[in-house]
Amino acid sequence: MRRFLDVLAAAALTLAAAGAFAQAQPAASAATAMPAAKPAVQEDLPPPAPGAAGGIQGQNIFDVKPEVKRDASSDPDYLKQNNGQRNAVQPGNNAPMWRGVQAGKEGYSSLPKSEAPEAGILIQGPVQYPGSRLTSAGEAWRQVRNQWVIPYGAALLAIAVLALALLYFTKGPLGQHTQDTGRKIERFTPFERAAHWSNAIAFCALAISGLVMAFGKFFLLPVMGLTLFGFLTYVLKTIHNFMGPLFVVSLVIIFLTFLKDNFPQRGDLRWILSAGGLFSKHEPPSYRFNAGEKGIFWLGVFLLGTIVVVSGLVMDKLVPTIDYVRGTMQVTHMVHATAAMAMMAVFIGHIYMGTIGMRGAYGAMRRGWVDESWAKEHHAYWYEDIKAGKIPAERSRPVAMVDKSGDLARPA
Ligand code: HEM
């Protein structure tokens, strides 16, 4: 009996082991059963490890490769694929999307176009600005600014300063040491001087803040360090934005105020041809303003002034009906920076003549009066008109101030 039970138990155990073994082997049978149904990419599965006879096989994770179409890039239309197609063969490869972004293609943005016309455009499409390569607009602008406006602007300003330094150290201040007669002529009225100096102060604030924004990183940043330089440029940029409108108003006022005396007159050509008497002892005669001043008026105040002001107002987003998109701002900035460099070069000359470059000039705009001898030396035709009574010697006060002897009135 005992023997019979042992045999029975052994048979039961064998049967159970055989059953478990049969359970583990279903796939092999199924695979071998239908090879045709496997998806195409699966052909890329690594062949089973040699000698592996079915069941779960261990595999080094580093050997597990994503189902990548090994020769995806050999597809002739590989570069034409859109992102969806690319992800089908190379999951996670978004090169088509980024190529589209780089080419300026517009993507989806939920922002209303009226408020954010460019929200869907991450990188602007390729353009070629003067002096740049054909590349994305942002890069093209950067090239024009860093390869043209900054280096050539700096060179222009340096040449202007060096030329004036050369003039000063070779010729010194222009004008003779003439004896004052004591008789004064009013050259600039208080209104003209107020308009001039508010304009001059606004211009100097704009020029200095503009120069720091353009060149500060080369000569201030290394000395001051990032934090302080960042703070300084932020303050100066704010001053620049607020001084702009003041400069606009005062520029228009001085243009209209001095316009009538800046038209071509007798003696202007002779003045130009003799370079204003620079290489001789005497300055050729001129009316209230000589040809050099008229040149600065039309080139500096009118032409460059208009370009700098209009482009500045656009960058301040103060001009209505303009589409303030990146392209507009890039072009406006290039125009503004170029015209501003030229204007600064022109007015460095004006400021030199208006301070140390000509004796008595500064006093004329500072106090408004010049001595008759100064007027005779520098603006002979203007002096003759005053002597002839065509122009009052004093314009800001009533004519009655001329004394009984008919001599010119002396300011109090
Ligand atoms: C610190 C800066 C400046 C100084 C020291 C300065 C100095 C002078 C002086 C001394 C005169 C009188 C010249 C004469 O008697 O014939 C003058 C005239 C004049 N200045 Fe300035 N100036 C400066 C900035 C400016 C700026 C920024 C502008 C315009 C953007 C300007 C526009 C004029 C005009 C229009 C005249 C009258 C002469 C003419 O119409 O041709 N000045 N300046």
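Just for the range 99-116: of the residues that are out of contact with any Leu (no Cβ under 8 Å at 6 or more places or on another chain) and open to solvent by less than 50 Å² (accessible area, probe 1.4 Å), which one is nearest to Leu79 (Cα to Cα)? Residue satisfying both the conditions and the ranking: Gly100.
Residues in the range 121-155 that are part of a loop (DSSP other than H, G, I, E, B) and either surrounded by fewer than 15 Cβ atoms within 10 Å (Cβ to Cβ) or touching a His at 6+ places or on another chain (Cβ under 8 Å) (or both): Gly125, Gln128, Pro130, Gly131, Arg133, Leu134.
State all residues of the range 216-235 that are aliphatic (A, V, I, L, M) and more than 17 Å from Ile150 (Cβ to Cβ); if no residue qualifies, say none.
Val223, Met224, Leu226, Leu228, Leu232, Val235
Only one of the listed residues (Gly292, Gly305) is part of a helix (DSSP H, G or I) and in contact with a Leu (Cβ under 6 Å, 6 or more places away or on another chain). That residue is Gly305. Per this entry, Lys260 is counted among residues that are more than 8 Å from the ligand (Cβ to nearest atom) and at pLDDT 95 or above. Of all the numbered requirements in (1) farther than 25 Å from Val346 by Cα; (2) not in a loop (DSSP other than H, G, I, E, B), Glu115 misses one, and that requirement is (2).
Residue pairs whose Cβ atoms lie under 7 Å apart, separated by 6 or more positions or on different chains, with the first residue in the range 242-267 and touching a residue at least 12 places away in the same chain (Cβ under 8 Å) and the second among the acidic types (Asp, Glu) and within 11 Å of the ligand (Cβ to nearest atom), are Thr257/Glu192. Among residues of the range 283-300 that are touching a residue at least 24 places away in the same chain (Cβ under 8 Å) and open to solvent by 30 Å² or more (accessible area, probe 1.4 Å), those with a beta-carbon under 6 Å from a residue that is part of a loop (DSSP other than H, G, I, E, B) and more than 6 Å from the ligand (Cβ to nearest atom) at least six positions away or on a different chain give the pairs Tyr287/Gln265.
Out of the range 258-276, which residues are surrounded by fewer than 18 Cβ atoms within 10 Å (Cβ to Cβ), assigned to a helix (DSSP H, G or I) and not basic (Lys, Arg)? Passing the criteria: Leu259, Asp261, Leu269, Ile272, Leu273, Ala275. Tallying residues that are crowded, with 19+ Cβ neighbours inside 10 Å and small (Gly, Ala, Ser) within the range 208-225 yields 2.
Within the range 228-243, identify whether any single residue is within 13 Å of the ligand (Cβ to nearest atom) and at pLDDT 95 or above, and answer yes or no. Scanning the range 228-243, I find no residue that is within 13 Å of the ligand (Cβ to nearest atom) and at pLDDT 95 or above, so the answer is no. Could you give me the residue pairs with C-beta distances under 9 Å whose first residue belongs to the range 346-361 and is under 17 Å from Phe169 (Cβ atoms) and open to solvent by 30 Å² or more (accessible area, probe 1.4 Å), whose second residue is among the hydroxyl-bearing types (Ser, Thr, Tyr) and near the ligand (Cβ under 9 Å from one of its atoms) wherever it lies, and which are 6+ apart or on separate chains? Cβ pairs passing all conditions: Thr355/Tyr362; Ile356/Tyr362.
The values are calculated or read from the model by the stated rules, or taken from the named source; none is laboratory data. Just so it is clear, the structure is predicted and the values come from calculations on it, not from any experiment. Note that each Cβ is placed from the backbone with ideal geometry, even for glycine, and that neighbours are counted across all protein chains shown. Side chains are part of the model used for accessible areas, which takes the heavy atoms of the whole protein and leaves out ligands, DNA and RNA. Shrake-Rupley method; radii C 1.70, N 1.55, O 1.52, S 1.80 Å.
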